[in-house]
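Presented below is the structure to which this report refers.
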Amino acid sequence: MVSWAAVVLAGGRGSRLGGVDKAAVVVDGRTLLDHVLDAVASARQTVVVGPRRDDVPRVTWAREDPPGGGPLAGLAAGLAHVDAEVVVVLAVDQPGVTRSTVDRLLAAVGDTGAVLVDDGGRLQWLTGAWRTEALRRALPTDPRDVSMRSVLGPLDPAPVVARPGEAHDIDTPHDLT
């Protein structure tokens, strides 16, 4: 297995959840950040892009510039700290992503990357594993407010079909129920 790092995108505004900090939302007795950190526990390095939390050890913290610049800006900020050949990129709001999910993504990376595909056939751009250099080459000079799909789509990642619950994300109060 190649050396891999993780970038966790945890800097969103959570506007559809009433402006709450998604990383701190509790699902099944644990924060969403705890869920995702468990999924990437075997990473050589983990970078969390979002507000620093003093109670979360053994991660590197980063912030997109400017804060709120979107997930691609967050990815660029996280990648600046990564030196591994492969990087797993996850949003903080998918409690169904597990170590098994990450292992399947890593196994499918190929030349550029692999992305989770939900039961509707949609690529989940915030749940993938990528060749780090392929991501760096694809990033625009100014990634603020640029869509992940427009940048990552041309990399033609391998699809990894989600198992039940893996692609569910928490965007609204309804999603929590």
I need every pair where a residue in the stretch 51-66 that is touching a residue at least 12 places away in the same chain (Cβ under 8 Å) and in a loop (DSSP other than H, G, I, E, B) has its Cβ under 9 Å from the Cβ of a residue that is surrounded by 13 or more Cβ atoms within 10 Å (Cβ to Cβ) and acidic (Asp, Glu), sequence separation at least 6 or different chains.
51/21; 56/34
Quick one: in the stretch 96-107, of everything that is at pLDDT 95 or above and in a loop (DSSP other than H, G, I, E, B), which residue is surrounded by the fewest Cβ atoms within 10 Å (Cβ to Cβ)?
98
Within the stretch 29-50, track down each residue that is surrounded by fewer than 18 Cβ atoms within 10 Å (Cβ to Cβ) and of a type in the set (Ser, Thr, Tyr).
42
Take the residues of the stretch 65-92 that are under 17 Å from residue 140 (Cβ atoms) and open to solvent by 10 Å² or more (accessible area, probe 1.4 Å): which is modelled with the lowest pLDDT?
66
Does any residue in the stretch 19-33 that is closer than 16 Å to residue 98 by Cα and modelled with pLDDT of 85 or more come within less than 9 Å, Cβ to Cβ, of a residue that is of a type outside the set (A, V, I, L, M, F, W, C) and open to solvent by 60 Å² or more (accessible area, probe 1.4 Å) six or more places away or on a different chain, and which pairs are these?
30/38
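Residue-by-condition table, conditions (1) part of a strand (DSSP E or B); (2) under 16 Å from the mean Cα position of the chain (by Cα); (3) loosely packed, with under 14 Cβ neighbours inside 10 Å:
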| position | (1), (2), (3) |
| --- | --- |
| 94 | no, yes, no |
| 109 | no, yes, no |
| 114 | yes, yes, no |
| 120 | no, no, yes |
| 128 | yes, yes, no |
| 137 | no, no, yes |
| 140 | no, no, yes |
| 167 | no, yes, no |
Select from the stretch 87-145 the residues that are within 14 Å of residue 9 (Cα to Cα) and out of contact with any helix residue (DSSP H, G or I) (no Cβ under 9 Å at 6 or more places or on another chain) and list them in ascending order.
124
Can you say whether residue 151 is within 27 Å of residue 41 (Cβ to Cβ) and either in a loop (DSSP other than H, G, I, E, B) or touching a residue at least 24 places away in the same chain (Cβ under 8 Å) (or both), as far as the supplied structure shows?
no
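The values are calculated or read from the model by the stated rules, or taken from the named source; none is laboratory data. A quick note: this is a predicted structure, and the numbers were derived from the prediction, not measured. Counting neighbours? That spans all protein chains shown, and the Cβs are built from the backbone with ideal geometry, glycine included. Accessible surface areas use protein heavy atoms only, side chains included; no ligands, DNA or RNA. Shrake-Rupley method; radii C 1.70, N 1.55, O 1.52, S 1.80 Å.
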